[in-house]
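Read through the structure below, which is laid out as structure tokens, and then see the notes.
Bear in mind these aren't lab numbers, they're just calculated from the coordinates by the rules spelled out. Model, not experiment: these values are computed from the prediction. Don't worry about glycine lacking a Cβ; one is built from the backbone with ideal geometry, like all the others, and counts go over all protein chains shown.
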Amino acid sequence: MKLVSFSLPMRSVRARFLLAAVVVEAVMLTLLVSNSLRLMNSYLVEQVEQHARQITPVLTAATIAPMAQRDYATVQSVLDESLSQKGVSYLVVVDTQNNRVASSGWPKDQPLPKPDSGIDLSLAAGIPVHHVQTPILMFGQRLGTMYMGLDLSHILAARKALLTQGALIAAGELAMSALLLMVLGLWLTRHLVDLTRASREVTAGNLSPAPVNEGDDELGQLGAAFNAMSRTIKQRVQDLVQAKEQAEQSNHAKSDFLATMSHEIRTPMNGIMGMTDLVLDTRLDAEQRELLMAVKTSANALLGIINEILDFSKIEAGKVELEAIEFDLEQLLRHCLAPLRARAEGKGLKIESMASGTLDTHLVGDPNRLRQVLNNLIGNAIKFTSRGGITVGWECRAETPHSFRFWISDTGIGIPEDKQGSVFEAFTQADNSTTRNYGGTGLGLTISSTLVHLMGGKIQLVSAVGKGSTFEFTLPFKPGRPLNTLVLEAPAQASALAPHGTDASTQAHGLHVLLVEDHPINQKLALSLIERAGHRVTLAHNGEEGLHLAMQHPFDLVLMDMQMPVMDGLEATRAIRSHEAAHKLARLQIVAMTANAMPSDRQACDDAGMDGFLSKPFKAEDLRDLLRQTQERLAVAQ
């Protein structure tokens, strides 16, 4: 009877509504607390990961210098001082041979733990330590490895406290709701609907839902906690967006820095190399000539290193642009091998070339990048070969028309099998003695491999220590036209480029060149080279002065620097082109002669209306070739 009397009130609508409301509210509170704890758990995991990302670079940076100098006592001091920081359980550093060189907080007789794949903040987790392993690198070279343990005990304690607090709040709210639901049912239902809406938005992926109602009671506090959590998540998303923007700005700043450094380094290099060539053209005794040749060789080596670093930076930034122009492969290979043969003969080596089968060498592709790859690979073969010889071969692949296979074989020192997989990595050589004995940055093969892949090819290596190495790569091209077909079209094109005011007498007595250059050393160098080539030259010290001269006097060629005071070369070129268009004048040939060597600089010159690009430091032969080609073009136009 007691059971029946107890069950009677439950038959009423009010009792059933109360029971249903209590059950529903209990379920909703459970969902809200669970969802809040899930989000909080994700937030705590992010905080631990952020702490690891912040502290790891600082600790590794502090150990780079002593590790490079093998000052393990200093490394130990760094670990001991760092262990005192909150959140670090232990620190261990091993060298490249996995030998412990410093340890703090980890027993010496126990093996080092494996790094954790993730962060476990569950209550069932064992030892509250997150194991992290990170390499210690200097310029891409691995000096050792740091093992670090992040103490998660305070995170787990905070999580447990939050769980307890959430459970207590939920239980208290459920109890109060059971007593007050009949009086405050509508009000409680409104809050529950609001929280349900926010929870569903979060579950659907909206991490910044509209704020829920807040108040002083349990549900109001839960709403406030939920709103605070939503604001925290929203702030975290904003921080990530800001970090992305800052990374993009940093990358842009890096590009600007490289462009500035390229200009600032190439400008004095142009003076050094050019003045050296000028002195070498004078009467010198044997000792003076030998010393100046040493200066020239060192300058060329420095220029090669600068170019490799800049090329690698462009590759790293994804700013390498490939050309698609017509060229003669046989002629390119002949011109490429000529200086390399002279270099090899200086070491007592001989370069043999071979072509297999009948070759259609009139192709469309990027000849400059192909020449760069061949120069790198053949140059390496010469560098690492002391006796024997080098073979350079090429053939057209029968199965793929206009696809060529190139190979460079030498009888040099060879590469160990375990090192062959890393020779194409940046700043990597077979061993440390390679840099000491042969020099170099370790970027040549990285640049070559990347360029081959960008051009749609593949590169392979076969090598044996003491027997030599063979680098082989394949490249696809498009068919081109024979060069004599192109020559037949030249007169019609050349006549359109003939400058106003040019006559046959000018061609007979040399060119009249306008040099727009602000650097005194480069002025003197260019003036000497142009005058020695038998041409007249007028000097302008900035773009504005050059613009006035170009508008007032007839010139055959303008050599224009880019960065100058008052008016830069790009603005001056645009003004000259506007003047020509307004007065219907023939196009004056303008060639950039600048230390700005980035692809964006070349594009800027093209956009401004320049006809060519001569990068500093340039060789005297390059300038003489430009003057000769201009003179020949003007002669054809006449």
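Near the amide H of GLY389, under 5 Å away, which other amide H atoms are found, from residues 5 or more places off or on another chain, if H is placed in the peptide plane?
THR411
A 30 angstrom limit on the alpha carbon distance is what I want to check against. Which of LYS160/LYS244; LYS347/LYS478; LYS160/LYS234; LYS458/LYS619 exceed it?
Numbers: LYS160/LYS244 34 Å; LYS347/LYS478 37 Å; LYS160/LYS234 24 Å; LYS458/LYS619 33 Å.
With Cα atoms farther than 30 Å apart: LYS160/LYS244; LYS347/LYS478; LYS458/LYS619.
Net charge around ALA533, counting only other residues with Cβ within less than 14 Å of its Cβ (Lys, Arg = +1; Asp, Glu = -1)?
Working: positive: ARG532, ARG536, LYS619, ARG624, ARG628; negative: ASP277, ASP281, GLU531, ASP556, GLU621, ASP622, ASP625, GLU632.
Counting the neighbours of ALA533, the net charge comes to -3.
Can you work out the Karplus-derived ³J(HN,Hα) for every residue in the stretch 64-71? Use 6.51 cos²θ - 1.76 cosθ + 1.60 with θ = phi - 60°, whole Hz, and x for glycine or proline.
Going residue by residue, I get 4, 4, x, 5, 4, 8, 6, 8 Hz, with x marking Gly and Pro.
Hey, rough spin-label estimate for GLN249 and MET176, points 7 angstrom out along Cα→Cβ, what's it come to in nanometres?
4.6
Show me, for the stretch 602-614, the HN-Hα J-couplings you get by feeding each phi into the Karplus relation (A = 6.51, B = -1.76, C = 1.60, θ = phi - 60°), rounded to Hz, glycine and proline as x.
4, 5, 4, 5, 4, 5, 6, x, 7, 9, x, 8, 10
Under a point-charge model restricted to the Cβ atoms of Lys and Arg (+1) and Asp and Glu (-1), what is the dipole moment magnitude of the stretch 512-637 relative to its Cα centre, in debye to the nearest 20?
Value, rounded to 20: 340 debye.
Pairs to check: LYS350/LYS467; LYS296/LYS524; LYS350/LYS383; LYS114/LYS419. Give those whose C-alpha atoms are more than 21 Å from each other in this structure. Can you show the working numbers first?
Working: LYS350/LYS467 16 Å; LYS296/LYS524 18 Å; LYS350/LYS383 13 Å; LYS114/LYS419 26 Å.
Checking Cα-Cα distances, LYS114/LYS419 exceed 21 Å.
Amide H neighbours of VAL88 under 5 Å, at least 5 residues apart or on other chains, H built in the peptide plane: list them.
Here the answer is ASP151, since their amide H atoms fall under 5 Å of that of VAL88.
Once phi is turned into θ = phi - 60°, what whole-Hz ³J(HN,Hα) does the Karplus curve with 6.51, -1.76 and 1.60 give for every residue of the stretch 269-286, x standing for Gly and Pro?
Rounded to whole hertz, the list is 4, 4, x, 4, 5, x, 5, 4, 4, 5, 5, 5, 7, 9, 6, 9, 7, 4.
Near the amide H of SER403, under 5 Å away, which other amide H atoms are found, from residues 5 or more places off or on another chain, if H is placed in the peptide plane?
Answer set, sorted by chain and number: ARG397, PHE477.
Give me the number: length gained by fully extending VAL237 to THR30, i.e. 0.36 nm times residue separation minus the C-alpha to C-alpha distance, one decimal in nm.
Numbers: separation 207, 0.36 × 207 = 74.52 nm, distance 2.68 nm.
Answer, rounded to one decimal: 71.8 nm.
Once you sort the root eigenvalues of the Cα gyration tensor of the stretch 561-638 as a ≥ b ≥ c, which label holds: rounded (a/c under 1.5), prolate (a/b larger than b/c) or oblate (the other case)?
Verdict is oblate for the stretch 561-638.
Give the calculated FRET efficiency between THR282 and THR96 to the nearest 0.05, with a Förster radius of 41 Å applied to their Cβ-Cβ distance. Display every interim value, and only then the final one.
On the way: r = 53 Å, r/R0 = 1.29.
Computed FRET efficiency for THR282 and THR96: 0.20.
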